[in-house]
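For reference, the structure is listed below as structure tokens.
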Amino acid sequence: MSECGFIGLGRMGGAMARRLLDAGHRVTVYDPEPTAAAALAAHGAQVAASAKAVADAAPVVFLSLPTPQIVQDVVGRAAIRAEVPRAPVPRPAAPHRQRTWCRWWSTAPAAASTRPT
């Protein structure tokens, strides 16, 4: 069993997080809509109070957010932007921990892959 985090629990993100739970993974979740997180808590997810709390809890974090701007806002607001690897291969965020970020989007993938500096 591995640990992971999931931010964005809408139609697509909620279904993917549920599959991770069903496969036996420990999943920490966050969504600004409390009912989305509560639905996954009923299946064993740990609900975090913020996106930053998810990042602090899990070495792998999945993002399923509707627009590139929201991806940038969530990562920036969570004060985790500096820890997002800028190289194609993830680097350690700290000497004792490596973090991997996975993002999905259904539109505008080129815009979503652009990170603020």
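Would you confirm, using the coordinates I've provided, whether Ala15 is under 13 Å from the mean Cα position of the chain (by Cα), at pLDDT 85 or above and either of a type in the set (Ser, Thr, Tyr) or within 20 Å of Ser2 (Cβ to Cβ) (or both)? Write out each step before concluding.
On the way: under 13 Å from the mean Cα position of the chain (by Cα): no; at pLDDT 85 or above: yes; either of a type in the set (Ser, Thr, Tyr) or within 20 Å of Ser2 (Cβ to Cβ) (or both): yes.
When the stated conditions are applied, Ala15 does not pass them.
Give me the residue from region 1-25 that is outside any loop (DSSP other than H, G, I, E, B) and in contact with a Gly (Cβ under 8 Å, 6 or more places away or on another chain) and, out of that set, surrounded by the fewest Cβ atoms within 10 Å (Cβ to Cβ).
Just the residues of region 1-25 that are outside any loop (DSSP other than H, G, I, E, B), to begin with: 3-7, 11-22.
Next, only the ones that are in contact with a Gly (Cβ under 8 Å, 6 or more places away or on another chain) stay: 6-7, 21.
On the way: Phe6: 30, Ile7: 29, Leu21: 19.
Only one residue fits best here, namely Leu21.
Looking for whichever is under 12 Å from the mean Cα position of the chain (by Cα), aliphatic (A, V, I, L, M) and modelled with pLDDT of 95 or more here; the options are Val47, Val29. Which one fits?
Values: Val47 fails: under 12 Å from the mean Cα position of the chain (by Cα).
Going through Val47, Val29 in turn, just one is under 12 Å from the mean Cα position of the chain (by Cα), aliphatic (A, V, I, L, M) and modelled with pLDDT of 95 or more: Val29.
If I ask for residues that are surrounded by 15 or more Cβ atoms within 10 Å (Cβ to Cβ) and not in a helix (DSSP H, G or I), which ones from region 26-58 would you list?
Hits for region 26-58 are Arg26, Val27, Thr28, Val29, Tyr30, Asp31, Ala45, Gln46, Val47, Ala48, Ser50, Ala58.
Right, Arg115: in a loop (DSSP other than H, G, I, E, B), of a type in the set (Lys, Arg) and modelled with pLDDT under 95 or not?
Working: in a loop (DSSP other than H, G, I, E, B): yes; of a type in the set (Lys, Arg): yes; modelled with pLDDT under 95: yes.
Spelling it out, Arg115 is indeed in a loop (DSSP other than H, G, I, E, B), of a type in the set (Lys, Arg) and modelled with pLDDT under 95.
The values are calculated or read from the model by the stated rules, or taken from the named source; none is laboratory data. Predicted model, so just to flag it, every value in this text is computed and none were measured. Note that we place each Cβ from the backbone using ideal geometry, even for glycine, and neighbour counts take in every protein chain shown.
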